[in-house]
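Scroll down for the structure; my scribbles are underneath it.
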Amino acid sequence: MRFVIRVVVNAFAFWVVTLIPALQVTITPFEPGETGQFILTLLAVAAIFAVVNAVIGTIIKIVAFPLYILTLGLISLVVNGFLLWLTSVITSNFGWGLGVGSFWWGVLAALLITIINGIFMGILRPQRKRKRRR
């Protein structure tokens, strides 16, 4: 269930980022390109991004751990931009999916996606019941 929520929130974040034309981030939908196909494309791109982030992102974070310490975590912006660009390369090979104008616009788009994800995951996070002390 957590993965599905994350994919839906990622899809929403991708949609918001594509609404900002200066970022040069686009979504090319499945054929024939109507609203339903656009939504399915957003969900597919978000799922691929989640898998890329989980697999390759984890490997990069382990290997680049000293850089994270050295830069006080600022290297994560570049890593997230790289993962977004990698998702763009993977999905564009299918003829649909994510398009990123350049690497640095991808870094800025990844920053916005991270902020949107943080806000929505904070809202949608299930609350734990507190035990009452007597």
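With the requirement that a residue be assigned to a helix (DSSP H, G or I) and in contact with a Phe, Trp or Tyr (Cβ under 9 Å, 6 or more places away or on another chain), what does the stretch 92-108 give you? Result: Phe103, Gly106, Val107. Total residues in the stretch 21-42 satisfying the condition of being assigned to a loop (DSSP other than H, G, I, E, B) and open to solvent by 70 Å² or more (accessible area, probe 1.4 Å): the figure is 4.
Per the listing Thr114, Thr91, the residue uniquely open to solvent by less than 20 Å² (accessible area, probe 1.4 Å), on the phi < 0 side of the Ramachandran plot, touching a helix residue (DSSP H, G or I) at 6+ places or on another chain (Cβ under 7 Å) and in contact (Cβ under 8 Å) with a residue 12 or more places away in the chain is Thr91. Across the stretch 61-85, which residue is most open to solvent (accessible area, probe 1.4 Å) among those that are part of a helix (DSSP H, G or I), more than 21 Å from Val7 (Cβ to Cβ) and among the aliphatic types (A, V, I, L, M)? Per the criteria, the residue is Leu70.
Just one of (1) over 15 Å from the mean Cα position of the chain (by Cα); (2) open to solvent by 50 Å² or more (accessible area, probe 1.4 Å) fails for Trp15. It is (1).
The values are calculated or read from the model by the stated rules, or taken from the named source; none is laboratory data. From a predicted model like this one, the values you see are computed outputs, not experimental measurements. As a convention, Cβ positions derive from the backbone with ideal geometry for all residues, glycine included, and neighbour counts pool all protein chains shown. These area figures cover heavy atoms from the full protein model, side chains too; ligands, DNA and RNA do not enter into them. Shrake-Rupley method; radii C 1.70, N 1.55, O 1.52, S 1.80 Å.
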